[in-house]
Amino acid sequence: MSAIAFAGQPLDRADHIRTDPARLAALRTSDALLLRLDGLLPEVGDLGELDWMPATEAGADAELVFLGLRGAQGLFAAVPTTGDPDPAYAHRKTWGAIAQLPADDLAIFGAARSVLDWHARHRFCARCGQPTQLAKGGWQRDCSACAAQHFPRVDPVAIMLVECDGQVLLGRQARFPPGSFSALAGFVEPGETIEEAVRREVFEEAGVRVGEVRYIASQPWPFPSQLMIGCLGHADSLDLEIDNTEIEDARWFTRAEVAEALAKGRESTSFVPPPPQAIAYHLLQWWLES
Ligand SMILES: [Zn+2]
């Protein structure tokens, strides 16, 4: 499987430094770097890479997240004072950066974006309502009023190809561009295994009963904090009963149709595939080759 966007974090997350305030403070005043951001949008430098400035330029009261070590150098990012008002994945600047950034930088940006957005939206304790303080190098927030500890969220989403009779089931939402189809997906709910979430989502959206489910690959998706868990499920019937409140359409596609879509992209006559930045694209590629 080719490289998955936002995966492959190159930094040493250095957990032992997160828990050592003296080392963190020393790191901040050395040659550490601070990620340049416009809110939660990435600033891309002249070389098409993430842009950095000396960490010493951060405001005295700025909340800094320790992203990790690159060699011996500490990399940090400052928590913006507000969360992103728009769904950032829809922002032209985000897509421009995603298309442009090298894979390592995209992984660094994704982790930073996700944890910074969490800080910006969790300034108050979910238990008692009092202000919380950044802790553990930015990988925790503490409430001094009730001693609650809060941790950055990761929200699991099951995303699945369903196979039957040599064909694969894909769906489209009304917001998709014309002709686009992608893998069905849904949040894993409390009390569910990944396999159970796959079966429930496919039945809810397309009326298809899925038996065996197999894990294929995953992708961190930082808008704001999903972990996309890519699976392959097997169905015994091609019959569909589409729930139009969830999806606009769902169809079975042959290998030839999927091959044409991946080869021709927007010019394809079968369907327009998901973009290569999405794990659904890689799942389809994997399915074709398997
Ligand atoms: Zn509290």
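The values are calculated or read from the model by the stated rules, or taken from the named source; none is laboratory data. Model, not experiment: these values are computed from the prediction. Every residue, glycine as well, gets a Cβ built from its backbone with ideal geometry; the counts of neighbours run over all protein chains shown. When the accessible area is computed, the model is the full protein with side chains, heavy atoms only, and any ligands, DNA or RNA have been set aside. Shrake-Rupley method; radii C 1.70, N 1.55, O 1.52, S 1.80 Å.
Helix 255-264 and the long axis of the chain differ in direction by around 50°, with both axes built from C-alpha atoms. Between the helical axis of 194-206 and the dominant principal axis of the chain, each derived from Cα atoms, what acute angle in degrees is found, rounded to the nearest 10? The angle comes out near 50 degrees.
How are the alpha carbon pair distances in the chain distributed across 5 Å bins from zero to the largest one, expressed in percent? All Cα pairs, binned at 5 Å, distribute as 1, 5, 11, 14, 16, 14, 12, 10, 8, 6, 3, 1, 0 percent. Positive-end ranking of Val213, Thr19, Ala7 along the dipole of the chain, with charges on Cβ about the Cα centre, is headed by Thr19.
All C-alpha pair distances within region 21-69, sorted into 10 Å bins from zero, spread as 23, 54, 21, 2 percent across the bins.
Each residue of region 27-35 is assigned a 3J(HN,Hα), and the resulting list reads 5, 4, 9, 8, 8, 4, 10, 10, 5 Hz, derived from the Karplus form 6.51 cos²θ - 1.76 cosθ + 1.60 (θ = phi - 60°), x at Gly and Pro. Placing +1 on the Cβ of every Lys and Arg and -1 on the Cβ of every Asp and Glu, with no other charges, gives the chain a dipole of roughly 800 debye about its Cα centre. When region 115-245 is described by a simple charge dipole with +1 on each Lys and Arg Cβ and -1 on each Asp and Glu Cβ, the residue from Pro224, Phe176, Leu161 located farthest towards its positive end is Pro224. Each residue of region 278-288 is assigned a 3J(HN,Hα), and the resulting list reads 8, 5, 4, 4, 5, 5, 5, 4, 4, 5, 4 Hz, derived from the Karplus form 6.51 cos²θ - 1.76 cosθ + 1.60 (θ = phi - 60°), x at Gly and Pro. Counting protein heavy atoms only, the chain has 51 percent of its accessible area on carbon and sulfur, 1.4 angstrom probe.
If you plug the beta carbon distance of Gln149 and Ser290 into 1/(1 + (r/R0)^6) with R0 = 45 Å, you get a FRET efficiency near 0.55. Dipole magnitude for region 1-148: about 520 debye, using +1 per Lys or Arg Cβ and -1 per Asp or Glu Cβ, origin at the Cα centre. Here the calculated FRET efficiency for Asn244 and Glu267, from their Cβ-Cβ distance with R0 = 30 Å, stands at 0.60, rounded to the nearest 0.05.
Once Rg and the Kirkwood radius are both taken over the C-alpha atoms of region 67-218, their ratio Rg/Rh works out to 1.04.
Here region 18-48 is scanned for amide nitrogen atoms under 20 Å from the site 7 Å beyond the Cα of Arg92 along Cα-to-Cβ, giving 37-46, 48.
Can you give the net charge of the other residues whose Cβ lies under 15 Å from the Cβ of Arg214, counting K and R as +1 and D and E as -1?
Numbers: positive: Arg199; negative: Glu163, Glu195, Glu196, Glu212.
Net charge around Arg214: -3.
Give the accessible surface of region 21-137 per residue, rounded to a whole number of Å², with probe radius 1.4 Å and ligands, DNA and RNA excluded.
Working: 5710 Å² over 117 residues.
Result: 49 Å² of accessible area for each residue.
Spin-label model, Asp15/Leu227: points 7 Å from Cα along the beta carbon direction are separated by 1.3 nm.
Computed over the Cα atoms of region 128-196, what is the ratio Rg over Rh, Rh following Kirkwood? Mind dumping the intermediate values first?
Numbers: Rg = 19.8 Å, Rh = 16.0 Å.
Rg/Rh: 1.24.
Modelled this way, with points 7 Å down the Cα-to-C-beta line, the labels at Glu189 and Ser237 are 2.2 nm from one another. By the beta carbon rule, with partners counted only under 4.7 Å, the chain holds these lone Cys residues: Cys164, Cys231.
Each peptide in 94-101, 195-202 gets a packing score, the mean of other Cβ atoms within 10 Å over its residues, and the list from highest to lowest is 195-202, 94-101. Under a point spin-label approximation (7 Å from Cα along Cα-to-Cβ), what is the Asp31-Asp142 distance to one decimal in nm? My value for the distance between the label points is 3.2 nm. Remark: region 100-106, residue by residue, has Karplus-estimated 3J(HN,Hα) of 9, 5, x, 4, 4, 5, 5 Hz, where x stands for each Gly or Pro and the curve is 6.51 cos²θ - 1.76 cosθ + 1.60 at θ = phi - 60°.
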